[in-house]
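The values are calculated or read from the model by the stated rules, or taken from the named source; none is laboratory data. The structure presented is a predicted model; accordingly, all values stated were derived computationally and were not measured. Here the Cβ is made from the backbone with ideal geometry for all residues, glycine too, and neighbour counts use every protein chain on show.
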Amino acid sequence: MFNKILIANRGEIACRVIATAKKMGIATVAVYSDADKEARHVQLADEAVRLGPPPSRESYLLGDAIIAAAQVTGAQAIHPGYGFLSENEDFARKVEEAGLVFIGPKHYSIAAMGDKIASKKLANEAKVSTIPGHNEPIQSPEEAVGIAQKIGYPVMIKASAGGGGKGLRVAFNDKECFEGFTSCRNEARNSFGDDRVFMEKFVQEPRHIEIQVLGDSHGNVIYLNERECSIQRRHQKVIEEAPSPFISDATRKAMGEQAVALAKAVKYQSAGTVEFVVGKDQDFYFLEMNTRLQVEHPVTECITGLDLVELMIRVAAGEQLPLTQADVKREGWAIECRINAEDPFRNFLPSTGRLVRFAPPAQSMWQANTADRFGVRVDTGVLDGGEIPMFYDSMIAKLIVHGKDRNDAIAKMREALNGFVIRGVQSNIPFQAALLAHPKFVTGEFNTGFIAEHYGQGFRAEDVPHDDPDFLVALAAFVRRKSRERAAGISGQLPGYGVKVGHDYRVITLDGQGGQHTYSAVHVDEVTGQLGAAVVTVGDKRYAIQSPSRLNDICISGTCNDRPFTAQIERGTARNPLALVVQHNGTRIEAMVVSPRMAELHALMPFKAPADMSRFVLSPMPGLLVQVAVQPGQKVQAGERVAVIEAMKMENVLFAAADGVVAKVLASQGESLVVDQPIVEFEQ
C-alpha cells in the first residue's frame, strides 16, 4: 500500500480523497493555484505545492508540474479526482513513465473510452446498443448543419473530450446547429484543449441512467447498481439518486452486464461509469463512459455501503476487489443535490465572491465512513469566509441523504435544504427545493427534459409555492415577539417609556415592485412557563411554535403544532432594515411585523422605483469580458450578439433585447466585470 499520494485536483473532490487517505493511514499532498492558497483542501492535506496563477491552464492542467510535485514530495501515486486531467490519456501515461501510480484506469483504457468517438465505435464492436449519429470529427459549422439534416433534428452536438456539460449543445434547427457547433468547439478547446466535435441523434423524452463499474488488475469487474441522473439543466446534473425509480430489475441486470462487458473489453481497472440513455419502454443505448470517479458517487456509496475512493486506491496498489457481484448490496434510497453558486432567479447565472456565511446542516454520515448510514452528508471544498472564484466550476457543496425509501429520502433532503445557510453568494437551494416538491418528481415521472418543460421560461419565486404560506407569517410574528420580549427586559428603561411587547400585530409582506399585503389579524400569546414558546394566530389559523434557537441565529429549528421544522430568518434588508426575511421549503418572504398604528403609517409611505436601466446592456454575473461585438454608432437588431462573458468555465453570450444604435461601449475586452456593471449603452 502507498505511504503518500498526491491529489491532482481542488475543492470538494480533493477533500473527499484526503478523507479516505487519512482513514487508510496514507499521507496526502495537495496542489493549488494562487486563487486556492487558503482553500480547504490545502488546509486538510499534510503538504501542499503551488502550481501557478488561477486560470486552470496555468495551474491544474499543468501535468508535468503536478508530476514534479509528486516526485519532490515523495508521493508514490496520484489521484486525479474528476475534471481537469482525470481523463487525460497523456497525463496518465506520463505518470506511469515517471515511476508513479495513476489512481485510475490505465492510459490505454482512457484512450479507448475517454474519447467519445472511439468509445462509440468500440461499443458497437462489443455489441452494445448505441445511438445513431456521425462518429467522425466535424470540421465546420456548415458541415455540422449538413450532417444534422441527414440525421434529422433534434441532434446533440458533443465535444469528443467533453464532460460535465461542457462542450455540449442540443440543436432543433439549422440556426441552432450552426451556432451550437461554434460554441461547443470553443468551449471544448478552452476547457479540454481538444476541439473535436461529433454529433448524434437526440433521443426525446430520455432518462439518463448510469452504471457504476469497478475493475481490478486481476481481470475482475463488477457493477454497483445504477444512478438516476435525469434531472439536468443545460445537460448538467442537478439531482442524482440511487436506485432509479424507473427501471426494472431485469433492465438493471441487462444494463449492468453490458457495462461490465464494455469495461472488460478495454481491460478496465479502477472506478468508472457507463452512461446510458433509456427510452420510455426501458430500451437503452450506450451514451459514453467516464473513466474516472463521478461527482455523484456518494449515492452509490450510501446504498452499497462501499467507499469507492478506498477501492480505487486498493486496486491501484495491485489488490484484488474484496467482493464479487453477488456481494453487492442495494439498501435504502439515496439522493444528492448539487449546491451551486448561481442565481436561479437570474437564469442561473454564476455568482462568485466571498462566502460571508457557510453553515451546512448537521451531518450524521461522513466521507470515508460507510458505517454511518440513513442520514445526512455534506461533501464540500469550501469554508465559512472562503472565496468562490470565477475560474472554476460553480459547485459549493454536495448534499447527500440516505433514506429508508424514496419518500423518506425526499423528506430528509427537503429538511436538510432548509438548514443549509449560504450568504455572500447566491445559490440554487430554492430551485432544488422546488424540484423536490414538484408532484412529477415525487412520483418519479420525469426525464432529461423535465427542467426545460416545467421551467422553460426561467425560475421565479412563484415556482416555489408553500403548502402553508401563513406559517411563514406566523414564524415572522413569533421571532418579532421574542425580540420585543428581550428588549422589554433590558434594565434602565424609564417608566412609561419602556419597550412594550404587545399581542396584536400587523404583518406586511413586501415585493420588489412596491406591492404589499397586510395580514391584519395576527395575535401572539406567550406560553406561560415555557421558554421559547408562543401561540400565533393568523386569521383563523393557530400555530403553537416552540424553538430553542437564539434570536441571532439565521437558522432556527423547533416544532410547530408538534411537528418539527427548520427555517432561516434574517433581520433587515438593504432596502428595509425593519423587515424580516423568512425562508422555508424554498419559499422566501420579506415581512415587517409592526403595531396596528405603524401599519397605518407605512401604508402612506411612497415607493421609490429603481432607476431605468433599459438602454444599457448590463453584466448579469461576475466574469471576464472576452468579447465586445459592437462599437459606437453601430445599428444593432434584437437578438444580435453584443458581448461574451466567461465565468466558471462557461461561455455566456449577451444579445440585444431590442433594435437600437450603440451610444457608448463602457467596458473593455479582458476586463473583470461585477454584477450589473454596464457594458454597452444604447441611444435613447
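When each of 253, 264, 237 is tested for being in contact with a strand residue (DSSP E or B) (Cβ under 6 Å, 6 or more places away or on another chain), farther than 25 Å from residue 450 by Cβ, assigned by TED's automatic domain parsing to the domain that holds residue 394 and surrounded by fewer than 23 Cβ atoms within 10 Å (Cβ to Cβ), the lone residue that passes is 264. For the range 593-614, the criterion of a residue being closer than 24 Å to residue 395 by Cα and buried (at least 19 other Cβ atoms within 10 Å of the Cβ) is satisfied by no position.
Table: residues versus (1) without any contact (Cβ under 8 Å) to a residue 60 or more places away in the chain; (2) in the same structural domain as residue 318 (by TED's automatic domain parsing); (3) within 20 Å of residue 210 (Cβ to Cβ); (4) among the charged types (D, E, K, R).
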{"site": "98", "(1), (2), (3), (4)": "yes, no, no, no"}
{"site": "116", "(1), (2), (3), (4)": "no, no, yes, yes"}
{"site": "122", "(1), (2), (3), (4)": "no, no, yes, no"}
{"site": "137", "(1), (2), (3), (4)": "no, no, no, no"}
{"site": "150", "(1), (2), (3), (4)": "yes, no, no, yes"}
{"site": "158", "(1), (2), (3), (4)": "yes, no, yes, yes"}
{"site": "166", "(1), (2), (3), (4)": "no, no, yes, yes"}
{"site": "185", "(1), (2), (3), (4)": "yes, no, no, yes"}
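Could you tell me which residue of the range 369-406 is surrounded by the most Cβ atoms within 10 Å (Cβ to Cβ), considering only residues that are of a type in the set (Val, Ile, Thr) and outside any strand (DSSP E or B)? My answer is 382.
Taking the listed residues 170, 203, 145, the one that is surrounded by 17 or more Cβ atoms within 10 Å (Cβ to Cβ), assigned to a loop (DSSP other than H, G, I, E, B) and either at pLDDT below 85 or not assigned by TED's automatic domain parsing to the domain that holds residue 245 (or both) is 203, with no other qualifying.
Conditions tested, residue by residue: (1) under 22 Å from residue 23 (Cα atoms); (2) charged (D, E, K, R); (3) at pLDDT 95 or above.
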site	(1), (2), (3)
315	yes, no, yes
318	yes, no, yes
321	yes, no, yes
327	no, yes, yes
330	no, yes, yes
336	no, yes, yes
344	no, no, no
354	no, yes, no
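Among the residues in the range 427-435, are any assigned to a loop (DSSP other than H, G, I, E, B) and on the phi < 0 side of the Ramachandran plot? There is at least one residue in the range 427-435 that is assigned to a loop (DSSP other than H, G, I, E, B) and on the phi < 0 side of the Ramachandran plot. Within the range 436-481, if we keep just the residues that are among the β-branched types (Val, Ile, Thr) and more than 30 Å from residue 542 (Cα to Cα), the residue that is farthest from the chain's Cα centre (by Cα) turns out to be 443.
When residues in the range 148-167 are screened for being more than 28 Å from residue 292 (Cβ to Cβ) and part of a loop (DSSP other than H, G, I, E, B), 3 of them pass.
Among residues of the range 240-250 being of a type in the set (Gly, Ala, Ser) and outside any helix (DSSP H, G or I), the one that is surrounded by the most Cβ atoms within 10 Å (Cβ to Cβ) is 242.
Residues in the range 523-551 that are under 11 Å from residue 481 (Cβ atoms), in contact (Cβ under 8 Å) with a residue 60 or more places away in the chain and in contact with an Asp or Glu (Cβ under 9 Å, 6 or more places away or on another chain): 536 alone. Before we move on, is residue 341 in the same structural domain as residue 258 (by TED's automatic domain parsing), crowded, with 19+ Cβ neighbours inside 10 Å and either of a type in the set (Ser, Thr, Tyr) or within 23 Å of residue 584 (Cα to Cα) (or both)? Taking the combined requirement at face value, the residue satisfies it.
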